[in-house]
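Everything on this sheet refers to the single structure shown next.
Every read-out reported here was derived from the displayed coordinates using simple, explicitly stated rules and does not represent laboratory data. None of the values given here were measured: they were computed from a predicted structure. Glycine also receives a Cβ, built like all others from the backbone with ideal geometry; neighbour counts cover every protein chain displayed.
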Ligand code: SF4
């Protein structure tokens, strides 16, 4: 039978083509060009405490972090960089404010890149030539990290406050100083705590240069607020193809930043999804405790590596439909759960057996997916209904 088009547009798998940016190499991770959007975070330990810093980097690596930044405010921190850079499994970027000498120390230490904040480094512009030479000799990219809270005073005077134009002018001015020395191994960030200002700044920057962009809403706040601000701002930009690497800033442990960052990328199909729980919000028709069921299934399948979609639905209104669309699902009602695998009802179990049955079946499907060589992605939990 021939399929008849009903005139509905096909749902795009991605919202936009990526902006064409220059590709740079941050250690083993490519940023920009056709490289996937990467997720990064920053350690909260004293960098001079090498053991604690490496431990936190290991936790971040295990959670999916691809690039890590470490602060370098003192000589002791600078002295620790070489060991940290050598032992870390992911590229280490040194974050330098105030003291240009630490830029050279970080390059000498073998850091994968150096972030400089021009607004915070006195006489930075006078030292660009030497920094560019040292960075070029070692193949170390530089991130020009402009931040609303530490905007160059000259631009603060010119614009009155950290407007998008001021942030962009600051970044492009610094980039131009590097360009004078034929150094273009640069990525740029223009962070602001207001997502609207931030989005406008990155849009202007994206139009004005081809450097890869590091997205960030700075000082985004505690986990809940920071997650929403980052998701809204990154979502707006990434859905326009803008952004090559992201850092979610939360007043929360850095591993939480990685979870949020990965979820944002997965939601936009910029990263392969792993486990996805499609669970309804519940309503007056629910015949089971959907929240509890979704939580128990999520906990039971934590750490699953394959892109498995599991539907947990509270009643028969949307339940069978969603359960059929998923790899595995349950539609609940009358104290029972109809278990679906790949669209077929395979059994009906009492409510008390729903969770264990779903987990059992999920593990079987995951084994099969792994045997079939289906690529693993990253964890994801979404709530639908
Ligand atoms: S599937 Fe829809 S209708 Fe049924 S309980 Fe969940 S939210 Fe309510």
* Asked: Taking the alpha-carbon centroid of each part, what is the distance from region 30-103 to region 211-274 in angstrom?
  -> 18 Å
* Structure fact -> Cβ density ranking, 10 Å radius, fewest first, applied to 86, 285, 247 yields 86, 285, 247
* Asked: Along its principal axes, what span do the Cα atoms of region 239-385 show, with the longest given first and each in whole Å?
  -> 48, 39, 29
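For region 212-304, what class follows from the C-alpha gyration tensor (a ≥ b ≥ c being the square roots of its eigenvalues): rounded when a/c is under 1.5, otherwise prolate if a/b is larger than b/c, else oblate? Could you put the intermediate results ahead of the total?
On the way: a/c = 2.06, a/b = 1.87, b/c = 1.10.
Because a/c hits 1.5 or more and a/b exceeds b/c, region 212-304 counts as prolate.
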* Asked: Using the alpha-carbon centroid of each, what span in Å lies between region 161-204 and region 313-364?
  -> 50 Å
* Structure fact -> Where a ≥ b ≥ c are root eigenvalues of the Cα gyration tensor, a/c under 1.5 meaning rounded, otherwise prolate if a/b exceeds b/c and oblate otherwise, region 126-244 counts as prolate
* To do: Could you line up 159, 202 from fewest to most neighbouring Cβ atoms inside 10 Å?
  => 159, 202
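Kindly identify region 53-132 as rounded, prolate or oblate by the Cα gyration tensor criterion: order the square roots of the eigenvalues as a ≥ b ≥ c, call it rounded if a/c is under 1.5, otherwise compare a/b with b/c, prolate if a/b is larger, else oblate. If you can, show how the numbers build up before the last one.
Details: a/c = 2.26, a/b = 2.05, b/c = 1.10.
Prolate is the answer for region 53-132, as a/c is 1.5 or above and a/b outweighs b/c.
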* To do: Note the angle between two axes, namely the Cα long axis of helix 75-87 and the longest principal axis of the Cα atoms of the chain, as a number of degrees from 0 to 90, rounded to the nearest 10.
  => 50 degrees
* Structure fact -> With 0.36 nm assigned to each residue of separation and the Cα-Cα distance removed, residue 283 to residue 316 gains 10.7 nm
* To do: Compare 299, 223, 85 in a GNM of the chain, Cα atoms joined below 10 Å, and give the one with the largest fluctuation.
  => 299
* Return the single residue from 350, 307, 254 with maximal mean-square fluctuation; model: Gaussian network over the chain, springs between Cα atoms under 10 Å. => 350
* **Stretch gain in nm, segment residue 14-residue 371, where the contour uses 0.36 nm per residue and the Cα spacing is subtracted** => 125.7 nm
* To do: Subtracting the Cα-Cα distance from 0.36 nm times the residue separation, let me have the gained length for residue 182 to residue 295 in nm, one decimal.
  => 35.3 nm
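Hey, with R₀ at 25 Å, roughly what FRET efficiency would residue 125 and residue 158 work out to, going by the Cβ-Cβ distance, to 0.05?
Values: r = 16 Å, r/R0 = 0.64.
Calculated transfer efficiency: 0.95.
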* Report the Stokes-Einstein translational diffusion coefficient (µm² s⁻¹, integer) for the chain, Rh taken as the Kirkwood radius over Cα pairs, at 4 °C with viscosity 1.567 mPa s. => 57 µm²/s
* Structure fact -> Within the set 61, 227, 357, GNM on the chain using Cα springs under 10 Å gives the largest fluctuation to 357
* Using the 10 angstrom Cβ neighbour count as an exposure proxy, how do 239, 176 rank, fewest first? -> 176, 239
* Asked: According to a simple spin-label model (label point 7 Å from Cα along Cα-to-Cβ), what is the distance in nm between residue 137 and residue 232?
  -> 4.8 nm
* In degrees, nearest 10, range 0 to 90: what is the angle between the Cα axis of helix 124-138 and the longest Cα principal axis of the chain? -> 70 degrees
* To do: Using only Cα atoms, find the angle between the long axis of helix 354-371 and the longest principal axis of the chain, and express it within 0 to 90 degrees, rounded to the nearest 10.
  => 60 degrees
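Taking only DSSP H segments of four or more residues, each worth -39500 (n - 2.57), what value at 222 nm results for the chain once the sum is divided by all its residues, to the nearest 500 deg cm²/dmol? Kindly include the intermediate steps, with their values, before the conclusion.
Details: 12 runs with 154 residues, N = 385.
Estimated from H runs of four or more residues: -12500 deg cm²/dmol.
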